[in-house]
Amino acid sequence: MKINLPGAGVVHNILALVTVLSISISTAQAGPFDQGNTSGNISLGSGQFFNENYLIIGAGIGHYLLDGFEVGLDIDYWSGGSPSIYEITPKITYVFENSSNINPYLGMFYNRTFIDDLEDSNATGYRAGVYMPTGRRMYWGIGIVHTELQDCTDSAFVDCSDTYSEVSLIFSL
């Protein structure tokens, strides 16, 4: 089944809305990774698809159901190439809090990629890295991500799996 997504202007509006909602949500004076806390993130990266280079712009929101245990949703838009690409990624992450300023994290995710005029794709993956404070309620995340495309054939894609680095800015709301 092919799902048609709205144009780039609507996706930009959705990303802006997620960001505004993330910033406007307030929580109690909980620590950044404590139960009940809400976090937002923004990401910027690059990618390549069918010899087209893209700028990847993303935003997301998460909520800590337990201390250190976050469930969240990220939305990414791939800009600058053709075809248009959008991704929706539900995720779970566990942050290991400790007394140092470096907090390791592990996570798993499912990714649905919508590609204009092509069949959509699904992937699963995991990530690992560290969060480091950059301000009172902000953290830089640096890590590594591994993804596996589902129902993949090497003839359709160069590779059915990918490992890459990630850098993110996480803010506690």
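The values are calculated or read from the model by the stated rules, or taken from the named source; none is laboratory data. Source: prediction; values computed, not measured. Heads up, the Cβs are rebuilt from the backbone with ideal geometry, glycines too, and the neighbour counts pull from every protein chain shown. We work out accessible area using only protein heavy atoms, side chains counted, and drop any ligands, DNA or RNA first. Shrake-Rupley method; radii C 1.70, N 1.55, O 1.52, S 1.80 Å.
Conditions tested, residue by residue: (1) modelled with pLDDT of 95 or more; (2) β-branched (Val, Ile, Thr).
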| residue | (1), (2) |
| --- | --- |
| Glu70 | yes, no |
| Thr113 | no, yes |
| Ser121 | no, no |
| Tyr126 | yes, no |
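Can you tell me how many residues in region 52-63 are over 16 Å from Met138 (Cβ atoms) and modelled with pLDDT of 95 or more?
Pass one, region 52-63, residues over 16 Å from Met138 (Cβ atoms): 52-58, 63.
Now narrow it down to the ones that are modelled with pLDDT of 95 or more: 63.
The qualifying residues number 1.
Is at least one residue of region 139-150 of a type in the set (Val, Ile, Thr), open to solvent by less than 60 Å² (accessible area, probe 1.4 Å) and in contact with a strand residue (DSSP E or B) (Cβ under 6 Å, 6 or more places away or on another chain)?
Looking for residues that are of a type in the set (Val, Ile, Thr), open to solvent by less than 60 Å² (accessible area, probe 1.4 Å) and in contact with a strand residue (DSSP E or B) (Cβ under 6 Å, 6 or more places away or on another chain), one finds at least one in region 139-150, hence yes.
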